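S.K.: Take a look at the following structure, please.
The values are calculated or read from the model by the stated rules, or taken from the named source; none is laboratory data. In this text, all values refer to a predicted model and were calculated from it rather than measured experimentally. Cβ coordinates were reconstructed from backbone atoms using ideal geometry, including for glycine residues, and neighbour counts include every protein chain displayed. These area figures cover heavy atoms from the full protein model, side chains too; ligands, DNA and RNA do not enter into them. Shrake-Rupley method; radii C 1.70, N 1.55, O 1.52, S 1.80 Å.
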Amino acid sequence: MAKHVQVKSGEGRMSASFDAGSGAFRAGTDVAMSVVRDDESVRVIAGGELLLSFRFDGDRGTVAMSGDVGDPRRLVSGLSAAAEALFGWHPSLDRLVLDLRGRPAAASTLARDGLAVIVDGAPVLLPEMLMQRREAWLSDAARPAFPLSYVMTGGKRHPRRPPTPAGRVYSRFIPWLSDVVSFRVVDIERDLALVHRWLNDPRVDAFWNEAGDLDKHRQYLSKLLSDPHMLPLIGCFGERPFGYFELYWAKENRIAPFYDADDHDRGWHVIVGEDEFRGRDFITAWLPSLMHYMFLDDHRTMRIVGEPAAAHLQQLRNLDRAGFARIKNFDFPHKRATLVMLLRERFFADRLWQPAAKDTPLETQR
């Protein structure tokens, strides 16, 4: 159902009609924005006010500014939201050429911020650069990279890791679901019963071997939260929790002896605990979003690794589709595993945050 809203511009009050469901693309974290479209008109709305407006030509891949640019920061945030929406709505687009109507200072601002590159005098937005700008997805995007300092843990030399964050760390609007996927750090009092139920699911326990009572799982989560190399997360679609994730720094993890781990390689484990969130549409939302978070969290992370069971062929096919390469099989004490690896360059250059072609079934498990 279309929702009619009044939005303000710098030149008075104007109105815009947009579909608050599938027609509106939600963007941003600190300042929530909606990108709405009406034929070739694209508007970015924040707090009921018109932030920016554009004319989009899909055949030529061009975006032309309408009206005054105003504050340069407003241009950067609004254009970033509009570009994310357009690349999401049109996955075949590999670039957007921006017409700023003779505003060289604005072009310089975009180039300095890494939102655009200048090609033949015109600003060009590339999806692989846009998706590496942390502001649109990380809750603490202004946090700088953690200073490099080495420590020893269990005989392993590795970078000192940042303190464990709290609350929501990442969110992204998924256009094919018209919903937001997000990840938040486990809160034991809030999440213990949920994780306890999932770990006791026989299908999960077949891979995790962590079934037990509440006290066992309280201690389990407490240990993870106090370990700087681990980060336990709850995944949500909207406000509905669907899964549990454990992220780890590979250098000090049990996987490190089995390959040449770099200082900022990262790995992960997953439980999708709710059956209603299994299937292709969901895995093509949460899996690349989790990879996106790990690459954005520290720009020095160049590789993401995993070690699924070598016999778990469906999971390996899922990872193939997500861009992971199978490196080798090896033996953990508790299982024969396959080392898989995703390169930062491939994830962004091949735009792997978008769904793959629908020609193979997908399912989810550790």
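S.K.: Kindly indicate whether VAL124 is open to solvent by less than 30 Å² (accessible area, probe 1.4 Å), β-branched (Val, Ile, Thr) and either closer than 22 Å to ASP350 by Cα or under 20 Å from the mean Cα position of the chain (by Cα) (or both).
M.R.: Judged against the criteria, VAL124 is a match.
S.K.: Considering only residues that are under 26 Å from the mean Cα position of the chain (by Cα) and open to solvent by 50 Å² or more (accessible area, probe 1.4 Å), look in the stretch 35-61 and name the one that is farthest from LEU100 (Cα to Cα).
M.R.: Step by step, filter the stretch 35-61, then rank; the result is GLY47.
S.K.: Those residues that are under 15 Å from the mean Cα position of the chain (by Cα) and either of a type in the set (A, V, I, L, M, F, W, C) or surrounded by fewer than 19 Cβ atoms within 10 Å (Cβ to Cβ) (or both), I need them from the stretch 247-269; list them, please.
M.R.: Across the stretch 247-269, the qualifying residues are LEU247, TRP268.
S.K.: Which of the residues spanning the stretch 55-114 are in contact (Cβ under 8 Å) with a residue 60 or more places away in the chain, under 15 Å from VAL44 (Cβ atoms) and in a loop (DSSP other than H, G, I, E, B)?
M.R.: Of everything in the stretch 55-114, just one residue is in contact (Cβ under 8 Å) with a residue 60 or more places away in the chain, under 15 Å from VAL44 (Cβ atoms) and in a loop (DSSP other than H, G, I, E, B), namely GLY70.
S.K.: Between residues in the stretch 306-326 that are within 20 Å of TYR248 (Cβ to Cβ) and among the hydrophobic types (A, V, I, L, M, F, W, C) and residues that are open to solvent by 30 Å² or more (accessible area, probe 1.4 Å) and in a helix (DSSP H, G or I), which pairs lie under 8 Å by C-beta distance while being six or more apart or on different chains?
M.R.: ALA309/PHE207
S.K.: Out of (1) out of contact with any Phe, Trp or Tyr (no Cβ under 7 Å at 6 or more places or on another chain); (2) closer than 27 Å to PHE146 by Cα; (3) not aliphatic (A, V, I, L, M), the odd one out for PRO241 is which?
M.R.: Result: PRO241 passes all but (2).
S.K.: VAL69 versus (1) open to solvent by less than 40 Å² (accessible area, probe 1.4 Å); (2) at pLDDT 90 or above: which is the lone unmet condition?
M.R.: The single condition VAL69 does not satisfy is (2).
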